[in-house]
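Q: Provided herewith is a single structure, encoded as structure tokens, for subsequent inquiry.
The values are calculated or read from the model by the stated rules, or taken from the named source; none is laboratory data. Since this is a predicted model, take the numbers as computed values, not measurements. Heads up, the Cβs are rebuilt from the backbone with ideal geometry, glycines too, and the neighbour counts pull from every protein chain shown. All accessible areas refer to the heavy atoms of the entire protein, side chains included, with ligands and DNA or RNA removed. Shrake-Rupley method; radii C 1.70, N 1.55, O 1.52, S 1.80 Å.
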Amino acid sequence: MTITLLILLKYIPATAHLPLSRAAGVVAFGYAAFLALRLLQPEDAVVVEGGWAELRPSMVEYFACYGAAALAAILLFAVVIMGHVADTTQLVATYIAVLLLSGGALGIGMAGLFTQTRWDHRQVTHRSALGRVVALDWSEVRSVRPNWRGVTIAGASGRITFSQFHGGAAQLAKHATTRARRNAETATKAFAT
């Protein structure tokens, strides 16, 4: 969609002079790198002390976060250097790209890199980048749903959302889905009697 939008903007007179074909090339390269790094994503979680299994950020998330931050820094440097020579439309478009890339890098870091999700046989816990901890006992898990941020495990006392790109995310989602199904069956049997 992004490449198609950039190609369409190339034929609009107000944005025809912007380097949109180069931007489409950068987007295509980034997507190719994303697909290549997905091949390196570990399927199993890391087992740490005390029998806890823990999700780990994948190479995709590191590449996206630090790559977006580096590209934002390069573009900001370009805005500062070419500020007196460039067209105003180019400066505004570059500055908007810097803001979007910086916001994306910050969002990926806060939602994926600087969080901790771990589980054992009793519960699953999630510590956010800001230090907020949510713990759900497996017996209270009600549903597991995908969303735009990843996968959400919902229970009676809260929700835990983790990135689907983390190493071990599929393993945790499968385990949580099994627990939610068992909890629903137990509740149905209890209600029937």
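Q: Nearest 500 deg cm²/dmol is fine: what mean residue ellipticity at 222 nm does the chain get from its DSSP H runs of n ≥ 4 alone, each adding -39,500 (n - 2.57), divided by its residue count?
A: -17000 deg cm²/dmol
Q: Once you list every other residue whose beta carbon is under 15 Å from the beta carbon of A78, what net charge do they have if Lys and Arg are +1 and Asp and Glu are -1?
A: Numbers: positive: R22; negative: D87.
The answer is 0.
Q: Also: Test of understanding: what is the full-extension gain from I74 to A170, defined as 0.36 nm times their sequence separation minus their Cα-Cα distance?
A: 31.0 nm
Q: If you build the Cα gyration tensor of the chain and take the root of 5 times each eigenvalue, what three semi-axes come out, in whole angstrom, biggest first?
A: 43, 17, 15
Q: So, one more: Roughly how many whole Å is it from the C-alpha centroid of region 34-92 to that of region 8-31?
A: 21
Q: Only sites in a loop by DSSP and with at most 16 other Cβ atoms within 10 Å count here; which chymotrypsin sites (Phe, Trp or Tyr not before Pro) in region 11-44 make the cut?
A: Y11
Q: Next question. Taking the full set of protein chains and a 1.4 angstrom probe, give the accessible area of I12 in square angstrom, rounded to the nearest 10.
A: Counting only protein heavy atoms, the figure is 80 Å².
Q: Then there is this: Using a 1.4 Å probe and ignoring any ligands, DNA or RNA, find the accessible area of E185 and quote it in Å² to the nearest 10.
A: 90
Q: Right, another one. Percent of alpha carbon pairs in region 108-193 separated by more than 20 Å?
A: 31
Q: Calculate, in whole percent, how much of the Cα-Cα pair population of region 18-98 lies beyond 17 Å.
A: Values: 1962 of 3240 pairs.
The share of Cα pairs beyond 17 Å in region 18-98 comes to 61 percent.
Q: Moving to a separate point now. Do any trypsin sites (Lys or Arg not before Pro) in region 106-175 lie in a loop, going by DSSP, with at most 13 other beta-carbon atoms within 10 Å of their beta carbon, and if so which? Each step should come with its number before you reach the end.
A: Details: sites: R118, R122, R127, R132, R142, R149, R159, K174; in loops: R122, R132, R149.
In loop regions of region 106-175 (DSSP not H, G, I, E or B), the sparsely surrounded trypsin sites (Lys or Arg not before Pro) are R122, R132, R149.
Q: Taking the Cβ of V47 as the centre, find all other residues whose Cβ is under 12 Å away and add up their charges (Lys, Arg: +1; Asp, Glu: -1). Before the final figure, lay out the partial values.
A: On the way: positive: R56, R118; negative: D44, E49, E54, D120.
In short, -2.
Q: Just subtract the alpha-carbon distance of L40 and A16 from 0.36 nm times their residue separation and send over the number in nm, one decimal.
A: Details: separation 24, 0.36 × 24 = 8.64 nm, distance 3.85 nm.
Stretched out fully, the L40 to A16 stretch lengthens by 4.8 nm.
Q: Around A180, under 13 Å between beta carbons, what's the net of Lys plus Arg minus Asp minus Glu among the other residues?
A: Details: positive: R142, R145, R159, K174, R179, R181, R182; negative: D137, E140, E185.
Within the 13 Å Cβ shell, the charges total +4.
Q: How tilted is helix 20-38 with respect to the longest principal axis of the chain? Cα atoms for both, answer in degrees (0 to 90, nearest 10).
A: The answer is roughly 30 degrees.
Q: Which one of A68, A135, A156 has the biggest mean-square fluctuation once the chain is modelled by GNM with Cα springs under 10 Å?
A: Most flexible of the set in this elastic network: A156.
Q: With a 1.4 Å probe and all protein chains kept in place, how do L101, L55 rank by accessible area, largest first?
A: The most accessible residue leads, giving L101, L55.
Q: Just the accessible area for D137, please: 1.4 Å probe, Å², rounded to the nearest 10?
A: 70
Q: As I understand it, the value is the acute angle between the Cα axis of helix 59-82 and the longest principal axis of the Cα atoms of the chain; what does it come to in degrees, rounded to 10?
A: 20
Q: Just to make sure I understand: if all protein chains stay in place, what is the order of F165, F114 by accessible area at 1.4 Å, largest first? Walk me through the intermediate numbers first.
A: Working: F165 55, F114 105 Å².
I get F114, F165, largest accessible area first.
Q: May I pose another question? Kindly sort E49, E61 by accessible area of their heavy atoms, largest first, with the probe set to 1.4 Å.
A: Ranked from most to least accessible, the order is E49, E61.
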